[in-house]
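Values quoted throughout were computed directly from the atomic coordinates according to the rules given, and no laboratory measurement underlies them. This structure is a prediction, so every number in the text was calculated from the model and none was measured. Ideal geometry is used to build each Cβ from the backbone, glycine not excepted, and the neighbour counts take in all protein chains shown.
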Amino acid sequence: MPEPNQEIRSTISQFIQRLYEVGDNAISHVTVTIHGGLQHFFPDKRITHFSVTKMEGVSELSYQDMELEAPIPNMVTIIATEKKPKQI
């Protein structure tokens, strides 16, 4: 079974390819933002992490930016949050 990040990469690439086919050169750039989990990050790309203090229940936000090989310039950002441990 493919890894979740490989399925996401394939799905977004197919989406961009389809936009290219129907866009008739009218689409100059595609930006995709995915709110997922840490398992959706690509191991071969840089991940940025930072602490969060103003989002209730969240302790850390992580994101990863990348450009996929596609016929239209693109930027894909995956965002994941880590929940604060519950206090007893």
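Computed from backbone phi with θ = phi - 60° and the Karplus coefficients 6.51, -1.76 and 1.60, the 3J(HN,Hα) list for segment 33-46 is 10, 10, 9, x, x, 4, 5, 8, 6, 8, x, 8, 10, 5 Hz; x is used for glycine and proline. The protection proxy used here, the mean number of other Cβ atoms lying within 10 Å of each residue, ranks peptides 21-30, 68-77 as follows, highest first: 68-77, 21-30.
For helix 4-23, what angle does its Cα long axis make with the longest principal axis of the chain, in degrees from 0 to 90 and rounded to 10? It works out to around 40 degrees.
Rounded to the nearest 5, the antiparallel percentage of DSSP beta bridges internal to segment 4-83 is 65%. With viscosity 0.890 mPa s and temperature 25 °C, the Kirkwood radius over alpha carbon pairs of the chain converts through Stokes-Einstein to a diffusion coefficient of 169 µm²/s.
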